[in-house]
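This report refers to the structure that appears directly beneath it.
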Amino acid sequence: MNPSQVDAMRYLKTKTLTILTGPPGTAKTLLSIHAACEKLQKREIEKIYYVKPIVSTPGEQGLGFLPGNLEEKIAPHIMPIRDSLAVFMQKGKADYLIEKKIIEFLPIEHLRGRSLHRCMIIADEMQNATTHSVMTILTRLGDNSSIALLGDVVQRDLANRYGHDGLSDALRRLGSNQSVGHVNFGYNEIVRSDFVKSVIHAYSDLYSPT
C-alpha cells in the first residue's frame, strides 16, 4: 500500500468518521469495504451499510424513478461493493453477506428516522449528495459505529458551483474534529490501471480550484 492508503486504513479502523477524497481509481471504496469486513470478522460490528445517492441532474432522485421491483432497482447500486469484495473475498461468501443483508444497500431517503448501531456505513459518491443528505447520514450513527464518506468533487452531478456539495461541505465543517480523519488521494496514487491514470492526467485541469 502507498502512504495515503496506509493513512486511510488507519483512520478507517480508528476514527468515527473517515473522509476519503480524490480521483477515481485510488481504491477509496475498496479500502473502506476491506476495513469494514475486518471489523465484521472481529465482531466489532454486526452490519455494513452501503449508502449512495441516486442522482439525476439537477438534483437527487429516489429509487422510485427507476424501473423494476426494489431488488432490481438496488442491484446496479451495490455493484461497486461486489467489485471490491471480489478483490479479497470468495464470491460465495460475498454473495452470502449481501443476500443475508449483512452488507446492505440503503437509499438515503430510507435513512431518515433510523439509528444505526454496531455498524459501519460506507457513504460513496458523496459529491452527489446535498449538504442536508450528508447531515442525515452522519446523524444516523449510533453506538459502536463508524462512517466513511467517499467521493471526488470533480465527478459531481449536482447543478451547483464547484465545491458546493455535501462532501466538500462536510470536510469544511468537520475536518478539524478529533474524531475525523481525512485523506486526499493524488493522481500518482491511482491504482486501477495505467490507462485510467493517463485519463485523469489528461483531465487534470478539472481538479484545479476555480
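Values as computed for the structure displayed
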{"item": "Residue count for segment 84-96, restricted to those that are closer than 14 Å to Ala27 by Cβ and without any contact (Cβ under 8 Å) to a residue 12 or more places away in the chain", "result": "1"}
{"item": "Flag for Leu106 being over 30 Å from Lys91 (Cβ atoms) and modelled with pLDDT under 90", "result": "no"}
{"item": "Matching entry among Ile78, Ile48, Ile74, Ile33 (being modelled with pLDDT under 90, among the hydrophobic types (A, V, I, L, M, F, W, C) and either closer than 22 Å to Lys197 by Cβ or within 13 Å of the chain's Cα centre (by Cα) (or both))", "result": "Ile78"}
{"item": "Enumeration of residues in segment 8-33 that are surrounded by fewer than 18 Cβ atoms within 10 Å (Cβ to Cβ) and farther than 28 Å from Glu109 by Cβ", "result": "Arg10, Lys13, Thr14"}
{"item": "Considering residues of segment 167-189 that are in contact (Cβ under 8 Å) with a residue 12 or more places away in the chain and over 19 Å from Leu12 (Cα atoms) only, the residue farthest from the chain's Cα centre (by Cα)", "result": "Tyr187"}
{"item": "Flag for Leu158 being among the hydrophobic types (A, V, I, L, M, F, W, C), surrounded by 13 or more Cβ atoms within 10 Å (Cβ to Cβ), out of contact with any Phe, Trp or Tyr (no Cβ under 7 Å at 6 or more places or on another chain) and modelled with pLDDT under 85", "result": "yes"}
{"item": "Test: residue in segment 118-132 that is in a helix (DSSP H, G or I), of a type in the set (A, V, I, L, M), at pLDDT 90 or above and under 12 Å from the mean Cα position of the chain (by Cα)", "result": "yes"}
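The values are calculated or read from the model by the stated rules, or taken from the named source; none is laboratory data. Predicted model only: the values in this text are computed from it and were never measured. All Cβ positions, glycine included, derive from the backbone under ideal geometry; neighbour counts span all protein chains shown.
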